[in-house]
Amino acid sequence: MTSGFTEVLARETSALAAVGDAAGFARWRRRLVGELLAPRSPYALVLRADGSEHERAVFLDRWSDLLTAAVARVLAAAPTRGQVDPRELAMLILAAVHGGTILSRVARDPGPLHAALDLAFLPLEQAERDPLASDGRAGPLDSMAS
């Protein structure tokens, strides 16, 4: 695996290991968006890398595994888990990261990346909301778009 893939996975291993709640995911998301939108960051370079299909598949599988574990930890502590599958949600987050980054780069606007991540995190936000709260208050991940 190329050094870029290895570096990003090392960073993600550390960052996602610290995620245990919505606030942890909010911190992860802010850091990740900054990395993705910085033209010379390892994240931006890896997403544009021409590595072999096998290398890219291994990289994405490992990143998905890290995200799946973080999502599962957050869901385990959620008041209501609903029908959220941690692996599917991790893949949705990765799809939002990749697609949102491409659209944001083309538009030269972080909006598409934020919109994609907002939608990807919606199932987790809903699981984190207190099912007894009926006052319409915002969930803990609502403020992550900023």
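The values are calculated or read from the model by the stated rules, or taken from the named source; none is laboratory data. Keep in mind that what you see is a predicted model, and the values were worked out from it rather than measured. So basically every Cβ, Gly included, is an ideal-geometry build from the backbone, and we count neighbours across all protein chains shown.
Per-residue answers, yes or no, for (1) over 23 Å from R129 (Cβ atoms); (2) modelled with pLDDT of 95 or more:
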{"position": "F5", "(1), (2)": "yes, no"}
{"position": "R40", "(1), (2)": "yes, no"}
{"position": "S64", "(1), (2)": "yes, yes"}
{"position": "A69", "(1), (2)": "no, yes"}
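Out of A77, A70, A49, report the one residue that is surrounded by fewer than 18 Cβ atoms within 10 Å (Cβ to Cβ), in contact (Cβ under 8 Å) with a residue 40 or more places away in the chain and under 22 Å from A17 (Cα atoms).
Values: A70 fails: surrounded by fewer than 18 Cβ atoms within 10 Å (Cβ to Cβ); A49 fails: under 22 Å from A17 (Cα atoms).
One residue alone meets the criteria, A77.
Of the residues E55, E12, only one is in contact (Cβ under 8 Å) with a residue 40 or more places away in the chain and in contact with a Ser or Thr (Cβ under 9 Å, 6 or more places away or on another chain); which? Reasoning before the result, please.
Numbers: E12 fails: in contact with a Ser or Thr (Cβ under 9 Å, 6 or more places away or on another chain).
Only one candidate passes the filter, namely E55.
Determine whether region 126-136 contains at least one residue that is at pLDDT 95 or above and assigned to a helix (DSSP H, G or I). It would help to see each step written out before you state the result.
Here is the first cut: in region 126-136, the residues at pLDDT 95 or above are none.
No - not one qualifying residue is present in region 126-136.
Collect the residues in region 111-130 that are within 16 Å of A90 (Cβ to Cβ) and not acidic (D, E), keeping them in residue-number order.
Selection gives A116, L117, L119, A120, F121, L122, P123, L124, A127.
So if I check each of L113, L89, L60, which one is more than 16 Å from A38 (Cα to Cα) and surrounded by 15 or more Cβ atoms within 10 Å (Cβ to Cβ)?
Only one candidate qualifies: L89.
Could you count how many residues in region 15-43 are under 25 Å from R108 (Cα atoms) and free of Cβ contacts under 8 Å to residues at least 60 places away in the same chain?
Quick first cut of region 15-43, residues under 25 Å from R108 (Cα atoms) only: 25-43.
Next, from what is left, pick out any that are free of Cβ contacts under 8 Å to residues at least 60 places away in the same chain: 27-28, 31, 34-35, 38-43.
Count: 11.
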